[in-house]
Amino acid sequence: MKRDEHTFPDWELAMYRLDELPPARAQTLRAALAEDPALAQRLAAMDRREAELMERTPPRVLAAQVTERASAAPSAPDRARRRRKLWWLAAELAAVALVLVWLMPSPIRQSQIHPFLDQGIREKGVEPYLRVFRQVPEGLQELGPRDPASPGAQLQLAYAALGRTHGAVISIDGSGGVTLHLPQQGAQSKALLPEGTVDLPSSYVLDDALAFERFFLLTAREPFDLAPALEAARVLALDPKRASTAPLDLPRSINQADFLILKATAP
Amino acid sequence: MPLDVEAFYRKYGLLVLCRCRDLLGQDEAEDAMQDVFVQLVRHQGRLHNAAPSSLLLRIATNVCLNRIRTRRRHPEDSEPGLLERIAAAPDVEAQGAARLFLRRVFAGQQESTKVMAVLHLRDGWTLEEVAEQTGMSVSGVRKRLRGLKAWVAELEEVEP
């Protein structure tokens, strides 16, 4: 939808107030201000809103947080170099995997079709774990750790909490992105079904971020805040050397299980 | 000399917050605002002070598009709007252009087509205003937007 040219969002008023709006746009806004008292009032209210922001998030606090986060990850050129290395590694691994798949008698093993699910039979010891399935014409095909998947692949995740009652599923990718899968929003972990294997409520489309997608199942016996978990994921995602292997920096009370999917090149 | 984050925030914090709120809504805006300043610090060596607000506007738009793109990775979500379509659009410049975005911006080179698309298609800026903001010619902006606009229009035809 194209906005009415005389409707000015707050950020344009803020730029105008700084005298840094491009001249042509500033001229249009100036004309609108002369005709529209409500718009002039919004502009006048910017001082108060700015004071409120500075009170809510003081400059010293924001600067400290920003500096800490900025120093937590290597510089962009370093990341770019490391991503290139990861990309080549992923491409080589994907090529090997494709050869192995080609050598198999059937492209899809029937035991991997997802009928759903062998409730709790497939116990992997005592630790919670994730299962990852890819949508294929025949149904759902289970993927193994480090299996390749192409951008655009639709993935269905499932968890086995093995007694843990609260959890979250987060993923990081080779481009530094972080995605919250369970819950899809909110500030707290989600109550889990402690027994059996449980589908996540929505599937997930793999994008073209570089190299890999790494899913984390975080579980605990008590509810926990998601903010530290997401921040730990952001920090790890921006560290190419550790992103595909290291755990999240979280308290030991939160159990972590991960599942790495390598990005194959698009067909 | 290290970037004076406090001074930049004092002067431009409200602008960045308003832009993030405009694109993402209230809940995510303050987190995104912090992301914008983190990006600014990481690339301070290439920062030139000609028009910091224009630069911050472009970084903020890009940060918000990345967040919107992440949201859209769940196909069961509601029908995508214009911003979601732009965020999810295939890159018409080159693979990985989003990752190159900051380098290009700070090096004073090419601007992200998606940021231009948001300014023109969503914010209602004219091609001339977008050109002025990005330092490109009007014909250059038009050319850069052509492919992305076609992609967005095609989606609108296909989807109910």
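Sum up the charges of everything whose Cβ sits under 9 Å from the Cβ of A:Leu157, counting Lys and Arg as +1 and Asp and Glu as -1, but leave A:Leu157 out.
Values: positive: A:Arg131; negative: A:Asp199.
Surrounding charge for A:Leu157 is 0.
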Taking a crude spin-label model, label points 7 Å out from Cα along the C-beta direction, the A:Ala44 to A:Val61 distance in nm is 3.0
Net charge (Lys, Arg +1; Asp, Glu -1) of residues whose beta-carbon lies under 10 Å from that of A:His166, A:His166 excluded, is +2
So how far apart, in nm, are the two label points at A:Thr165 and B:Asp31 if each is 7 Å from Cα heading toward Cβ? 2.6
Considering only the other residues whose Cβ falls under 12 Å of the Cβ of A:Arg56, what net charge follows from Lys and Arg at +1 and Asp and Glu at -1? -3
Angstrom value of the Kirkwood radius, inverse mean 1/r, which spans all Cα pairs in the range A:10-56: 11.1
Between A:Gln188 and residues 5 or more places away or on another chain, the pairs with built amide H atoms under 5 Å apart involve A:Leu226
Any residue on another chain or 5+ positions along whose placed amide H is under 5 Å from the amide H of A:Arg134 is listed here as A:Gln141, A:Glu142, A:Leu143, A:Gln156
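What pairs from A:Lys263/B:Lys114; B:Lys11/B:Lys114; A:Lys190/B:Lys149 go past 28 Å between their alpha carbons?
A:Lys190/B:Lys149, as the Cα separations exceed 28 Å there.
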Assuming 0.36 nm per residue, please report the length gained on full extension of the stretch A:Asp36 to A:Arg242 beyond their Cα-Cα distance. 68.7 nm
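A short reminder: the numbers here are calculations on the coordinates, not readings from a lab. Source: prediction; values computed, not measured. Please note: Cβ atoms are built from the backbone with ideal geometry, for glycine as well, and neighbour counts cover all protein chains shown.
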